[in-house]
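Read through the structure below, which is laid out as structure tokens, and then see the notes.
The values are calculated or read from the model by the stated rules, or taken from the named source; none is laboratory data. Just so it is clear, the structure is predicted and the values come from calculations on it, not from any experiment. When we count neighbours, we look across all protein chains shown, and the Cβ atoms used for this are built from the backbone with ideal geometry, even at glycine.
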């Protein structure tokens, strides 16, 4: 199992707006990734301010590549990414192997 983490640094005071948008787009995201992919949204309690993390658990890196291709070829996703009013300062993606879950 692979955990994919999108870590976003938002503009000052925009973290909740990003969380709200991610929640609002959950149904369309479910269409990309499928019902069997676990998705979580996290916000900072420590560390850099205004951090939002979206986590996905996928079966493999191959599955992640398939989902990524589906996301980036989706017109709705492309339109959201092209918006000039993006609330992000920066961000990055992290990949982890899930070794155990309790």
Only one residue in 4, 37 is touching a helix residue (DSSP H, G or I) at 6+ places or on another chain (Cβ under 7 Å) and under 17 Å from residue 97 (Cα atoms). Which one? 4
Working only within segment 1-22, note down all residues that are part of a loop (DSSP other than H, G, I, E, B) and out of contact with any strand residue (DSSP E or B) (no Cβ under 9 Å at 6 or more places or on another chain). 13
Filter segment 77-99 for residues that are over 14 Å from residue 15 (Cβ atoms) and surrounded by 12 or more Cβ atoms within 10 Å (Cβ to Cβ); the one that is modelled with the lowest pLDDT is 80
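Is it the case that segment 45-62 has a residue that's assigned to a helix (DSSP H, G or I), out of contact with any helix residue (DSSP H, G or I) (no Cβ under 8 Å at 6 or more places or on another chain), modelled with pLDDT of 80 or more and on the phi < 0 side of the Ramachandran plot?
Looking through segment 45-62, at least one residue is assigned to a helix (DSSP H, G or I), out of contact with any helix residue (DSSP H, G or I) (no Cβ under 8 Å at 6 or more places or on another chain), modelled with pLDDT of 80 or more and on the phi < 0 side of the Ramachandran plot.
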